[in-house]
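The values are calculated or read from the model by the stated rules, or taken from the named source; none is laboratory data. Keep in mind that this is a model prediction, so the values were computed, not measured. For neighbour counting, all protein chains shown are included, and Cβ atoms are generated from backbone atoms with ideal geometry for every residue, glycine included.
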Amino acid sequence: MSSPWQASAACAPRLDLPWTADRADLTEWQAISMTAICDACPVLTACTSAVAALDITGGWWAGTDRDPLATEPTSLVPITWRPLLTRTGRSLGAQAALDLDGLAAA
């Protein structure tokens, strides 16, 4: 599946995370990280719609594992989007920032 909105997805550059793995094969940190990235994604609504329309039942899509038998992580890492600017002030988009202090409290 490849749609134009996918290029803007927060997960697109995050090849370090196992987006297509089964929940049983994920560490808790991976599950929390992927949920947080999805929660702050600029195309979450489009992703959610695509998942519903295509009846996807595997992998990590729109913030949750699509395996109907998977369990949800119990805590989330707070994430915010910050502007990514050049030295001259030109906008390059946004960059996710994880609140690691919030993670320690969770």
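Looking across the stretch 27-38 at every residue that is closer than 21 Å to Ala7 by Cα and touching a Pro at 6+ places or on another chain (Cβ under 9 Å), the one that is surrounded by the most Cβ atoms within 10 Å (Cβ to Cβ) is identified as Met34. Quick one: in the stretch 95-106, of everything that is over 18 Å from Thr27 (Cα atoms), surrounded by 11 or more Cβ atoms within 10 Å (Cβ to Cβ) and not small (Gly, Ala, Ser), which residue is modelled with the highest pLDDT? Residue satisfying both the conditions and the ranking: Gln95. Residues that are under 17 Å from Ala10 (Cα atoms) and modelled with pLDDT under 80 were ranked within the stretch 49-82; the one that is surrounded by the fewest Cβ atoms within 10 Å (Cβ to Cβ) is Arg82. Here the stretch 1-48 is the region considered, the condition is being hydroxyl-bearing (Ser, Thr, Tyr), over 22 Å from Leu69 (Cβ atoms) and not in a helix (DSSP H, G or I), and the residue that is modelled with the highest pLDDT is Ser3. Are any of the residues in the stretch 87-94 buried (at least 17 other Cβ atoms within 10 Å of the Cβ) and either of a type outside the set (Val, Ile, Thr) or at pLDDT 80 or above (or both)? No: zero hits.
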